[in-house]
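*Asks:* This structure is in structure tokens; I'll ask about it shortly.
Just so you know, all these numbers are worked out from the coordinates, no wet-lab data involved. This one's a predicted model, so the numbers in the text were calculated from it and none came from an experiment. Counting neighbours? That spans all protein chains shown, and the Cβs are built from the backbone with ideal geometry, glycine included.
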Amino acid sequence: MRSSFKSARSPDSSAGAFESERRELARRSSAGVDVTLYWHPALDELIVCVWDERHGAYFEMRPQRYLALDVYYHPYAYGDLAGVYERENRRAA
């Protein structure tokens, strides 16, 4: 299974352009956790972004196509496979 995580604070200067090309396919919120499924047309890649307000954690995963909806509905089940979570307070100035 291929899954990767990307920091919310990418050192890559093209990160802004990357995010602007994303197309939102689905979004859900529950109990302080926001999950969004994006498709990046130039890369033909699916991205699942998770913001957990309760723990101040944000992470992104790029699952294989056949797993994308399952990762969207159960991101923490797949997040443990990579073992990487970035903790940050994205609302702090």
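*Asks:* Show the residues, 5+ positions off or on another chain, whose built amide H is closer than 5 Å to the amide H of residue 57.
*Replies:* For residue 57, whose amide H was placed from the backbone, the distant partners under 5 Å are 52, 88.
*Asks:* Now for a separate question. For region 22-27, just list the computed ³J(HN,Hα) in residue order, Karplus coefficients 6.51, -1.76 and 1.60, θ = phi - 60°, integers in Hz, with x standing in for Gly and Pro.
*Replies:* Taking θ as phi minus 60°, the curve returns 5, 10, 6, 9, 7, 8 Hz for region 22-27.
*Asks:* Spelling out what I want: for every residue of region 32-42, take phi, set θ = phi - 60°, compute 6.51 cos²θ - 1.76 cosθ + 1.60 (Karplus), and round to whole Hz; glycine and proline get x.
*Replies:* Result, ordered by residue: x, 10, 9, 10, 10, 10, 10, 10, 9, x, 5 Hz.
*Asks:* At 7 Å along the Cα-to-beta-carbon direction for both residue 55 and residue 30, put a label point, then send me their distance in nm to one decimal.
*Replies:* According to this spin-label approximation, the distance is 1.7 nm.
*Asks:* Shifting gears a bit: Ranked highest first by average number of other Cβ atoms within 10 Å, how do 65-78, 30-43 line up?
*Replies:* 65-78, 30-43
*Asks:* If I model a spin label as a point 7 Å beyond the Cα along the Cα-Cβ vector, how far apart are those points for residue 74 and residue 21 in nm?
*Replies:* With each label placed 7 Å out from Cα toward Cβ, I get 3.2 nm.
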